[in-house]
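Read-outs: derived from the displayed coordinates by stated rules, not from any lab. This one's a predicted model, so the numbers in the text were calculated from it and none came from an experiment. Every residue, glycine as well, gets a Cβ built from its backbone with ideal geometry; the counts of neighbours run over all protein chains shown.
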Amino acid sequence: MNLTQDELWNTIDTLGWDVRHDNIVIEIGGTVVSGIHQGEDYNKKWATQYGVRKYNKDAFIVLKNLSRNDDTKSQPMDREHEPHHLKDAKPEPTV
């Protein structure tokens, strides 16, 4: 199936997004950025210069509606943190 503009607009409508007022951004996934500083005689076939972005063959496009991103669910706890997996743990012996 090929993507059409009508299909994109129908999907946006299905999600209830308002393209005039919502903060919608387009991002690309499936990329890699070189984080290694190469010398002047590096192998150009296998290595890339520092900071060069490459797109994988299976890279993808992501549409994000930042206006509807609910960050309020990540709040500090209103109690002391007591993980349940530590309640029955025995102290490890010290050497």
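The chain: which trypsin sites (Lys or Arg not before Pro) are DSSP loop and have at most 12 other beta-carbon atoms within 10 angstrom?
Passing sites in the chain are Arg20, Lys44, Lys45, Lys73, Arg79, Lys87.
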Explain nothing, just the number: dipole magnitude of the chain about its Cα centre with +1 on each Lys and Arg Cβ and -1 on each Asp and Glu Cβ, in debye rounded to the nearest 20.
420
Would you calculate a helix-derived [θ] at 222 nm for the chain, using -39,500 (n - 2.57) for each DSSP H run of n ≥ 4 and dividing by the full residue count, to the nearest 500?
-3500 deg cm²/dmol
At q = 0.19, 0.22, 0.25 Å⁻¹, what is the log10 ratio I(q)/I(0) for the chain, with the Debye formula run over Cα points and no solvent?
-0.99, -1.19, -1.34
Low-density loop cleavage sites - chymotrypsin sites (Phe, Trp or Tyr not before Pro) in the range 1-71, where at most 11 other Cβ are within 10 Å (DSSP)
Trp46, Tyr50
